[in-house]
Structures are given as structure tokens and as C-alpha cells.
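Shown next, in C-alpha cells, is the structure this report addresses.
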Amino acid sequence: ENKMKTNVSNAIKMANSNAKVMIIQREDVLITTKEEIEAFKNETKNNNDVLIYNEEMKKIPNDTFVQPVIVNSTDPVYILYTSGTTGQPKGIVRDTGGCVVTANYTMKYIMNINQGDISFCSSDIGWIVGHLFMVYGPLIRGATTILLEGKPVGTPDCSVCFNIIQKYKVKAFYSCPTAIRAIKREDPELKIIRKYDLSSLESVELSGERCDPESFKWCEEVFGKKVLINDHWWQTESGYPICCNNINIYRFPSKPGVTGHPNLGFNVQIVDLEKNEEITTPHIHGAVCIKLPTPPSFMTTLYNNDEAFLQRYISENKQYYITGDIGCWDEEGNVVILSRRDDMIKIAGHRLTTGRMEEVIMKVKEVAEVAVVAVNDMLKGELPFAFCVLKSTTKSEDEVKIVNSIKEIIASNIGAISRLKGVCVVNRLPKTRSGKIIRALLKSIINNEEYTIPPTIEDKKVVEEVKNKLKADKLIK
């Protein structure tokens, strides 16, 4: 709690603000005394009150009705900063009307959440998923929302989410592929998970990172074929899922590795931006774009930076919003997201996606997580390099054998042109607090380039851990 108060103090100083600060006094952790409050006031140079929530609530009569504030539908509802995996976070501005309408649509038609239902999202409310699926969405639908304090793994074990699903009869469970892989790593033989009754579940919703086919199939095994395993693809910028499956409009057959059909309001196109041509042939990849105009709840601009909004997101011909992802169509009209545009690797003139390589590596049974990045090569320009996390049951003496298996499966499944320059087995990967792997940071480390650790990183210590393992394996100096 001291770190949180320090962050608040620094924010107030930076903003030169006299904003009021409200502190919630928890019953299990004493965080405030009169002396601390006075010190906090002096530290922040805050002339206004520092309020204790618990005390302020006692002053309000139980029958008090607070009149809601009427706003225009076009008024901003919040500013939410992106994860910053590829640079400094950007302040996404969203409007009130669009947010309310699409939150209701998403919960009702995609997840079938109605009045009296129980919805559980294991995210945090500081992320767009938390905003939509923990706060606004369930409450707008009149449903009960469950908030988990802590991580879905390791508190104390990987059964946390399953215990909650069983205890509260959860109907829809929203998580991310990163959490699923972490659970899979800790309980590969399903000895813990099989103890829980998950029969109340109707759907498992996944987003945050691409859900690799192996993790998708694992979910089907754990939760059962009757439960919809729904791989969402969307962004902080979009406000609600761009592509996914759904329950209440038309449930498409589940297909691992794809994110489904575009949702209402999104005119998704695969575009060759160099030729300014839309690609309709299946399995030919290009930039995933949304043809303008954008639907309700889409970002309206970047906070205090309209120019960057136009430069970063809008195509030169002003016809498309550029998502920053590379993808393609499949034969059934599903969108397949392969990787970020920044994660493309050019090997001797051939363009390959890291997402496809990661998908293949995940077929090695001992691999729990993987991130593939480009490493510089004097002859071919770039070559792929893999950072892998192994399952907890893997023996350390088997590492060399597993590394060889990883190299072999890439060469045999994709081709010799994609042969890995190296593989490094690490205990964990650098991630944002929303669970996204920071591949740009890994790329800078392996190429001995200068880098800035993003402010959204979950744990800075992992950077040194990765560097030390690379040095120990003599992969960098």
C-alpha cells in the first residue's frame, strides 16, 4: 500500500493538482493513521482533504438517493491507457453512449449474460477487459460480477479460478491465454482441476493474446465440448470484441487458431497496404484493417494528441483504421490473427510471422509458453529466436533434448528457411500487467540493443533473469 500511496503522491505532483484523495481502510490491512495522513498531505502538497472512505460512508444516511448526472452520449466516459508493449502507453478516449450500447450488446449476445446470472472475469479493472467484462457490462445487464483480488495462478495454486467457478456457479468465465497456459503448466495432468464441478459454465471467453491451438484444445478437454471456448480478438482502441464467436446470434463451429467472424459494426478487411488492395483469397496474409467509419464505442482520439491518432491509426488514403496486426481469412470467412506487424520476420526476402512459429513450437508437449522474436543475422538479415517456458513437471536434465525438439519441429513444419538461430529456456517471460508478452523487449535484449523497460511491465526483475540465462547459455555476451 505504501507503493500505491507513493504513486498517487507523485501523480498529484506531476499534475500540479489539488484533487481530493480518498483512501479505503481495509479491515485486514491497516494502511492509515492520523500521522500517515498528515505526512501524505505534506508529501503531495495537497491543500484539500485526504478522505477515509469508511468514515465518509458513515456520515451518509442509509436512505440517501444520489441523483445521477445527465451527460451527452458523445461526452467522454473514460481515458484508458494501452498496455505499451510496443512503446509508450497511449490514452484512448471513449464516448459514453457507445460504451453503454456495446457493453450491453456484448454481454447479451456474445456471452448470454442476463439479470441474475453470475459472470467471472479474472482480469483487473485497469484493463479494457476489466472495464467491459467486470464493471460496465455485467452491471448494465443486471448480473452479478465476481472480482478476484490476486492472480489466477499461485494463490495458493492453479485451482483458484476453478474453485470460484464451482463455489458461485459461474455461467461465463473470462480469462486470457496467458493464464490458461500458466494453469496448464502447473497442472499438466489435470490432477487438481478434475476435483472441481464446472457444470455451471456455458462459455469460456479468452482475449489479450492470440490463443494458440494447443491451449484451445486443452480448454475443450478441461471444460467439455458443451462449453463454448471463445477466442476473442479486439483492442483497447475498439472498445468491444472485433471478432469472436457468440451464443445468442449464431454459434459458429469452434475452430482452434481462428478468432471467428467480425462482429456487428466492424467491416474487417485484410489489406496489402503497399498496393492498397484488399485481399480476399484465404490464407494470404496482410494488414488487418477496419474500413471506416468505425462503430459505436470505438476510440474517438488519443488524449491530447489528435495528430498522433491520425498518424498512428489511419491509412494514407483515409479509408482504413490500421489495427497493427497481420492476419488472413480462412475458407469459412473466419479472421486468423497471426502476429503484430512489428513481429514479422524477413528472412532472405521471405516474410514469416512469429505467431505461426509459436503455434508450431507449442506442439512440443513440454512447452508451456513461447515468444519468438527476430535476431539480426549478417547473411540473411533476420532469423527467428525462441524464448520458451517449460511445464513445471519437466526435468532440468531434459532441457537440451527439448531444445533440439523445438528446432526440429520448426524446420519440419514450416521449412528450412525458418530454422531457429537459437532457443533459450527461461523460467518466465516479461509481461504487462494485463498478461501480454513484451516481445519488443525480448527482441532488444537478444540483439544487444538499448531498451526502455515499459512502465506497464508486471515485474522488472524478469529482465535480468532473461539476460542472465542468455549469458549462461552463451547466447549473448
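The values are calculated or read from the model by the stated rules, or taken from the named source; none is laboratory data. If you're wondering where the values come from, they're calculated on a predicted model, not measured in any experiment. Note that we place each Cβ from the backbone using ideal geometry, even for glycine, and neighbour counts take in every protein chain shown. Heads up: the accessible areas ignore ligands, DNA and RNA and are worked out on the full protein's heavy atoms, side chains in. Shrake-Rupley method; radii C 1.70, N 1.55, O 1.52, S 1.80 Å.
Quick notes on this one:
- Top-ranked residue of the stretch 368-388 - restricted to ones that are at pLDDT below 95 and over 17 Å from Met344 (Cα atoms), ranked as most open to solvent (accessible area, probe 1.4 Å): Met378
- Unique residue being out of contact with any strand residue (DSSP E or B) (no Cβ under 8 Å at 6 or more places or on another chain) and at pLDDT 95 or above when the list is Asn112, Asn104: Asn104
- One residue stands out in the stretch 440-458 among those that are open to solvent by less than 50 Å² (accessible area, probe 1.4 Å) and either at pLDDT 90 or above or over 18 Å from the mean Cα position of the chain (by Cα) (or both): the one that is farthest from Trp127 (Cα to Cα), namely Asn447.
- Members of the stretch 434-465 that are among the hydrophobic types (A, V, I, L, M, F, W, C) and either within 16 Å of Ala374 (Cα to Cα) or in a loop (DSSP other than H, G, I, E, B) (or both): Ile437, Ile438, Ala440, Leu441, Leu442, Ile445, Ile446, Ile453
- All positions within the stretch 339-365 that are of a type in the set (A, V, I, L, M, F, W, C), touching a residue at least 60 places away in the same chain (Cβ under 8 Å) and over 17 Å from Lys380 (Cβ atoms): Met362
- Of all residues in the stretch 405-438, those being of a type outside the set (Gly, Ala, Ser), open to solvent by 40 Å² or more (accessible area, probe 1.4 Å) and touching a residue at least 12 places away in the same chain (Cβ under 8 Å) number 10.
- Test: residue in the stretch 392-404 that is in contact with a Pro (Cβ under 7 Å, 6 or more places away or on another chain) and open to solvent by 10 Å² or more (accessible area, probe 1.4 Å): yes
- Residue check for Asp124: of a type in the set (Asp, Glu), over 30 Å from Asp459 (Cβ atoms) and touching a residue at least 24 places away in the same chain (Cβ under 8 Å): no
- Candidates are the residues of the stretch 291-318 that are open to solvent by 70 Å² or more (accessible area, probe 1.4 Å) and among the charged types (D, E, K, R); the one that is nearest to the chain's Cα centre (by Cα) is Arg312.
- Where Pro282 falls short, out of the listed (1) open to solvent by 30 Å² or more (accessible area, probe 1.4 Å); (2) more than 24 Å from Glu358 (Cβ to Cβ): (2)
- Among the residues of the stretch 183-200, none qualifies, meaning not one is part of a loop (DSSP other than H, G, I, E, B), within 19 Å of the chain's Cα centre (by Cα) and more than 24 Å from Gly98 (Cβ to Cβ).
- In the stretch 201-244, the residues that are touching a residue at least 60 places away in the same chain (Cβ under 8 Å), open to solvent by 40 Å² or more (accessible area, probe 1.4 Å) and part of a loop (DSSP other than H, G, I, E, B): Glu202, Arg210
- Pair list, Cβ < 9 Å and 6+ apart or interchain, from the stretch 143-171 residues that are open to solvent by 40 Å² or more (accessible area, probe 1.4 Å) to residues that are part of a helix (DSSP H, G or I) and among the hydroxyl-bearing types (Ser, Thr, Tyr): Thr144/Tyr168
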